2 protein chains.
Amino acid sequence: MTELDTPSQILAAAEARFSLYGYNKTTMAEIAGDCNMSAANLYRYFENKLDIGAALANQCLVEKEHGLELIITDDSKSCAEKLQAFILYILHYTYHHFDTSPKISELIEAMTDQRPEVMQSHRQSKLSLIHQLLEQSQEIGEFSFADIDQTAEAINTAISIFYLPTIMPMFTLEEFERKADAVCTLLLNGLTHSG
Amino acid sequence: MTELDTPSQILAAAEARFSLYGYNKTTMAEIAGDCNMSAANLYRYFENKLDIGAALANQCLVEKEHGLELIITDDSKSCAEKLQAFILYILHYTYHHFDTSPKISELIEAMTDQRPEVMQSHRQSKLSLIHQLLEQSQEIGEFSFADIDQTAEAINTAISIFYLPTIMPMFTLEEFERKADAVCTLLLNGLTHSG
DNA sequence: ATACTGAATATTTTATTGATTATTCATTAT
DNA sequence: ATAATGAATAATCAATAAAATATTCAGTAT
C-alpha cells in the first residue's frame, strides 16, 4: 500500500463520501475530517468543492472511456461487432448508473449543469473513439462512407439518447435495448456495402 | 367571427394567458375573469387546470404533426427529401419553441412530467408518420430495408435528440443543423440501395 | 334540469427566518 | 517558504409561516 499525496488523499475521501452519501450531502468539513485536516486546508489543493467533483467525475468518465477503448481495440471483433458492443456498453453504463447508483448520477448531474466542459470533453472522447473505429474499418474495407468526420458525428448523434441519464426513466432497459439494436442495424446498413 | 361554445372560449382565454405569461403564472381566476365567469364554473367544463393545459398542448402538438404530415404527403418530394425535411422541421420546431417562446416550453414541460401520456401519444404519431414514409418508399422502391417496424423505430430513435427541448441549450442551431444533416445522410445511406 | 356563483377547504407557492455549509483570511507551526 | 488552522464571512439549504391558488360544494338564478 503506497503513500498518497494530499490531493489524492482528498479525492479518495471525497469519492468514498460521494458514492455513499452523494455529492450534495457530503460537506467539505466531512471530507477534511476523513483526511484529519481542517476544511480550510482543502482549499490549498482544490479551488472549491465543484473542482473536487469535477476531478472525480472526470476519473469516472475516463474509466468509461477506457471500457469503450477496449471494445474498439479488440481485434477479435469485426467493426460491425465493435459498433454494436460500443452502443450497448454506453446504454448499459448509463442505465445502470441511473438505476443502481443514483449517487454517481447526482455527481454527473451537478457536472452537467455546473461544469458542462467536463461532459463536453467526454462527448469529444466518444466522438474520437468512433472516429478511430471508422478509420479501422476503412483500412480493412469493412465499412464505406464519404466523409469520415461527418459520419462519426452522425453516429455519435444517432446514439446520443443512450448516454443521457435524463432519458433513462422514459423507457425500460428492454425497450432501450430494442431501440439500440434497431439503430445499430440501420447504421450498419448504411455503413456496409451491399454492392 | 363565429360564436364559441364555453369550452372553446375557456381554451382560447387560457391559450392567450399561457402564451403571454406561462402556464404556471396564470391562475384559474384569471382565465375565468377573461371569460366573465367565476373560477368555479371552469370546473363544469374541465376537471382541473392540468386538463386545460393538456387540451392546449395536444392542440399544439397536433398542429406540429400536421406540419409533418404535409411533408410526408407532399408528392413533389422524393422520400429522401421528405426524410430530410421531416428531421429539419422537428429540429426547427423544437429549437424555435425553446428559443423564442419559452412560455410554450413551460407548458410542454408541465405535460412531460405530469401528463406523460400526452407526450407519449405524440411520440407515437411521429413514429407512425415515419412508418408511413417507409411504406411509400417501399411502394416506389426508393428505400429498401428488412423490417419496417424496426426501421421506423431506428429512425425515430436516431433523431430523438432533435425533439427534446432539454437538449436545445447544449448546442447552437447551426451545430444542430450540421448534426441533423450528418444523421440524415447516414440514414439515407442505409436506406438507399447502392447496389 | 342547466349554468352559474360565493364562500369554504385543500393544496401549492412564496417569503422569511434560522441553521448549515462553503469559502476566505489572518495567524501559527514546522 | 510550506502546511496547516480557527475564526470570520458569504452563500446555500431547510423549516416554517403566510399568502395565493386550485378545487369543492351548498346554494341561487334561469
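The values are calculated or read from the model by the stated rules, or taken from the named source; none is laboratory data. Here the structure is a predicted model, which means the values were calculated and not measured. With ideal geometry, Cβ positions are generated from the backbone for all residues, glycine too; neighbour counts draw on all protein chains shown. Accessible surface areas use protein heavy atoms only, side chains included; no ligands, DNA or RNA. Shrake-Rupley method; radii C 1.70, N 1.55, O 1.52, S 1.80 Å.
Using the structure shown, decide if A:ILE52 is more than 24 Å from A:LEU173 (Cα to Cα), within 16 Å of DNA strand C (Cβ to nearest atom) and without any contact (Cβ under 8 Å) to a residue 40 or more places away in the chain. Criteria not met by A:ILE52. Identification of helices (runs of 4 or more DSSP H) wholly contained in segment A:1-63 with 1 or more residues that are hydrophobic (A, V, I, L, M, F, W, C) and farther than 30 Å from A:SER125 by Cα yields A:28-34, A:39-42. Right, B:ILE90: away from DNA strand C (no atom under 12 Å from the Cβ), within 14 Å of another protein chain (Cβ to nearest Cβ) and either open to solvent by less than 10 Å² (accessible area, probe 1.4 Å) or not hydroxyl-bearing (Ser, Thr, Tyr) (or both) or not? Against the criterion (away from DNA strand C (no atom under 12 Å from the Cβ), within 14 Å of another protein chain (Cβ to nearest Cβ) and either open to solvent by less than 10 Å² (accessible area, probe 1.4 Å) or not hydroxyl-bearing (Ser, Thr, Tyr) (or both)), B:ILE90 qualifies.
The residues in segment B:163-184 that are assigned to a helix (DSSP H, G or I) and modelled with pLDDT under 95 can be counted, and the count is 7.
Scanning segment A:32-51 for residues that are open to solvent by 70 Å² or more (accessible area, probe 1.4 Å) and among the small types (Gly, Ala, Ser) yields a single hit, A:ALA40.
So is B:ILE31 away from every other protein chain (no Cβ under 14 Å) and within 15 Å of DNA strand C (Cβ to nearest atom) or not? Spelling it out, B:ILE31 is indeed away from every other protein chain (no Cβ under 14 Å) and within 15 Å of DNA strand C (Cβ to nearest atom). Scan segment A:69-85 for residues that are free of Cβ contacts under 8 Å to residues at least 60 places away in the same chain and in a helix (DSSP H, G or I) and the total you get is 5. One residue stands out among those in segment A:16-26 that are more than 8 Å from DNA strand C (Cβ to nearest atom) and open to solvent by less than 40 Å² (accessible area, probe 1.4 Å): the one that is farthest from the other protein chains (Cβ to nearest Cβ), which is A:PHE18.
Of the numbered conditions (1) within 14 Å of chain A (Cβ to nearest Cβ); (2) within 30 Å of A:SER121 (Cβ to Cβ); (3) open to solvent by less than 40 Å² (accessible area, probe 1.4 Å), B:THR166 fails exactly one; give the number of that condition. Condition (3) is where B:THR166 drops out. Here B:ALA54, B:ALA29, B:ALA13 are screened, and the one residue that is loosely packed, with under 14 Cβ neighbours inside 10 Å and out of contact with any His (no Cβ under 6 Å at 6 or more places or on another chain) is B:ALA29. If the condition is being over 26 Å from B:THR112 (Cα atoms) and either more than 8 Å from DNA strand D (Cβ to nearest atom) or hydroxyl-bearing (Ser, Thr, Tyr) (or both), then segment B:20-40 contributes B:GLY33, B:ASP34, B:CYS35, B:ASN36, B:MET37, B:SER38. Could you grab me the full set of residues in segment B:142-162 that are assigned to a helix (DSSP H, G or I) and facing chain A (nearest Cβ under 8 Å)? Of everything in segment B:142-162, those that are assigned to a helix (DSSP H, G or I) and facing chain A (nearest Cβ under 8 Å) turn out to be B:GLN150, B:THR151, B:GLU153, B:ALA154, B:ILE155, B:THR157, B:ALA158, B:SER160, B:ILE161. Selection of first residues in segment B:12-28 that are in the same structural domain as B:LEU42 (by TED's automatic domain parsing) and of second residues that are open to solvent by less than 10 Å² (accessible area, probe 1.4 Å) and within 9 Å of DNA strand D (Cβ to nearest atom), restricted to Cβ pairs under 8 Å at least 6 apart or on distinct chains, gives the following pairs, ordered by first then second residue: B:ALA13/B:ILE31; B:ALA14/B:THR26; B:ALA14/B:ILE31; B:ALA14/B:ILE52; B:ARG17/B:THR26; B:ARG17/B:ILE31; B:PHE18/B:THR26; B:MET28/B:LEU42.
Is segment B:99-121 home to any residue that is farther than 30 Å from B:LYS25 by Cβ, open to solvent by 10 Å² or more (accessible area, probe 1.4 Å) and in a helix (DSSP H, G or I)? Within segment B:99-121, none of the residues are farther than 30 Å from B:LYS25 by Cβ, open to solvent by 10 Å² or more (accessible area, probe 1.4 Å) and in a helix (DSSP H, G or I). Of all residues in segment A:169-195, those that are within 7 Å of chain B (Cβ to nearest Cβ) and among the hydrophobic types (A, V, I, L, M, F, W, C) total 4. The combined condition, being open to solvent by less than 40 Å² (accessible area, probe 1.4 Å) and more than 24 Å from A:ALA152 (Cβ to Cβ), is not fulfilled by B:ILE140.
Scan segment B:147-157 and give yes if some residue there is in contact (Cβ under 8 Å) with a residue 60 or more places away in the chain and either within 15 Å of the chain's Cα centre (by Cα) or surrounded by fewer than 18 Cβ atoms within 10 Å (Cβ to Cβ) (or both), otherwise no. No: segment B:147-157 contains no residue that is in contact (Cβ under 8 Å) with a residue 60 or more places away in the chain and either within 15 Å of the chain's Cα centre (by Cα) or surrounded by fewer than 18 Cβ atoms within 10 Å (Cβ to Cβ) (or both).
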